[in-house]
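Some notes on the structure that comes next.
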Amino acid sequence: MFARLQSLDNRIFDNITRIQKPAINKIMVTASRLGNAGIVWWVVCMIFLIIPKWRYTGLVIIFSIGLTSLMGEGIIKHTVKRMRPCHRVEEDEKLINNPRAFYSFPSGHTASSFAVAMVIIFSRCPLYVCIPILLISMTIGFSRVYLRVHYLTDVIVGMMLGIVCGIASVMLFHSIVPQDIFFSMNN
């Protein structure tokens with residue numbers, strides 16, 4: 001089974017250059033950079049923390065990013081130890097520098113993106129917030145495959161990890177710090 005998944009990953013990796021175009025390259029590099037160190041998600045989190053009505057959600061976002069990072073970057077990557085596909089690419093073919101982290105499975109950019117998206121969705125934020133966050137998350141995930149720093153399965157598992165950690169964060173945080181207690185402390 002793993003051999004078939006790797007074969008699929010290799011075919012996608014080998015064919016991704018067929019869809020690469022200069023304008024798309026710029027968009028994908030920008031999308032990927034938004035996910036570097038979770039920059040976009042920390043900005044979103046700060047906005048949530050500033051708005052009293054959404055402060056609780058901001059705290060859950062922090063929790064979800066921490067949980068996702070611990071699981072993905074701290075445990076899974078160092079257990080699986082899958083080499084990044086960009087190490088198969090010649091220097092002149094690369095659209096971005098190799099990431100500092102040597103291992104690729106799962107995609108941390110994708111995992112943190114979907115963790116934040118799930119917190120926002122499960123915190124019942126308005127659609128005008130949920131939809132752009134979900135679109136940014138999907139774009140960041142796709143950019144990692146497009147830029148050939150992750151295999152497709154790295155991104156799919158990163159997405160699944162983010163979904164699980166995001167939902168678990170909402171559930172865990174709500175059981176530890178009930179929202180009604182939090183709001184009574186702020187009044």
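List of remarks:
- Members of region 36-48 that are surrounded by fewer than 21 Cβ atoms within 10 Å (Cβ to Cβ) and not aliphatic (A, V, I, L, M): N36, W42
- Region 64-84, subset open to solvent by 70 Å² or more (accessible area, probe 1.4 Å) and not β-branched (V, I, T), residue modelled with the lowest pLDDT: M83
So that you can scan it fast, the table gives a plain yes or no per residue for (1) free of Cβ contacts under 8 Å to residues at least 12 places away in the same chain; (2) of a type in the set (V, I, T):
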site: A115; (1), (2): no, no
site: R124; (1), (2): yes, no
site: V129; (1), (2): yes, yes
site: P132; (1), (2): yes, no
site: S137; (1), (2): no, no
site: F142; (1), (2): no, no
site: T153; (1), (2): no, yes
site: V157; (1), (2): no, yes
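- For region 15-35, residues that are loosely packed, with under 13 Cβ neighbours inside 10 Å, of a type outside the set (A, V, I, L, M, F, W, C) and touching a helix residue (DSSP H, G or I) at 6+ places or on another chain (Cβ under 9 Å) total 2.
- Considering the conditions (1) part of a helix (DSSP H, G or I); (2) touching a helix residue (DSSP H, G or I) at 6+ places or on another chain (Cβ under 8 Å), V149 is excluded by exactly one of them, (1).
- Flag if G166 is at pLDDT 95 or above and either touching a His at 6+ places or on another chain (Cβ under 9 Å) or of a type in the set (F, W, Y) (or both): no
- Among the residues of this structure, S143 does not count as one that is open to solvent by 10 Å² or more (accessible area, probe 1.4 Å), at pLDDT 85 or above, within 30 Å of K21 (Cβ to Cβ) and part of a helix (DSSP H, G or I).
The values are calculated or read from the model by the stated rules, or taken from the named source; none is laboratory data. Keep in mind it's a predicted model, so treat the numbers as computed, not measured. Positions of Cβ are backbone-derived with ideal geometry, glycine not excepted, and every protein chain shown enters the neighbour counts. Ligands, DNA and RNA are stripped out before the accessible areas are found, and what is left, the full protein with its side chains, is counted by its heavy atoms. Shrake-Rupley method; radii C 1.70, N 1.55, O 1.52, S 1.80 Å.
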